[in-house]
Amino acid sequence: MSYPFIYNSDTTVLWGGFNQRETFQSKNTDHTVINVSHQEFSESDYWIPLNDGVYDSTESTDNFAEAVNTTRNQLQNENPIFVHCAYGQSRSVMVLATALSAEKDISLDQVLSTMKESYSDIDPAPQLQTKAKVYLRHTTRHNTV
């Protein structure tokens, strides 16, 4: 199974579902794994559990900002990264798209379009899209929220 990715001259950036993390890890030994699913895995460098677009009392927008800020820090350090959730369709997509939009000064829509070219099954939850837009309104390139 192939996994979705975006590549530029500085960094290899990948996202996907839980079942894709082992494939990625077998091909990339020098990388950072950011897990935004509800299940913690020992292979993850960072675990920041996110609900799939549900605003409720157990998760504030700070969790989303923390996941994006963590991803941005890795991008700034030019580290290869793998952001994953359960299916690679919503949470990991929006965290990575928001980080790339902020860091590369590219619109969120452009980043999502590029991601969709790589993996047509992306389907970000509307609530996560709203969180991304709020985050991007309050940040500038290389400055986290």
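Quick notes
- When Asp45 is tested against (1) more than 23 Å from Lys133 (Cβ to Cβ); (2) at pLDDT below 85; (3) among the acidic types (Asp, Glu), only condition (2) is not met.
- Check on Thr23, among the polar types (S, T, N, Q), at pLDDT 90 or above, surrounded by 13 or more Cβ atoms within 10 Å (Cβ to Cβ) and at negative phi: no
The values are calculated or read from the model by the stated rules, or taken from the named source; none is laboratory data. Predicted, not measured: the structure shown is a model, and the values here were computed from it. Every residue, glycine as well, gets a Cβ built from its backbone with ideal geometry; the counts of neighbours run over all protein chains shown.
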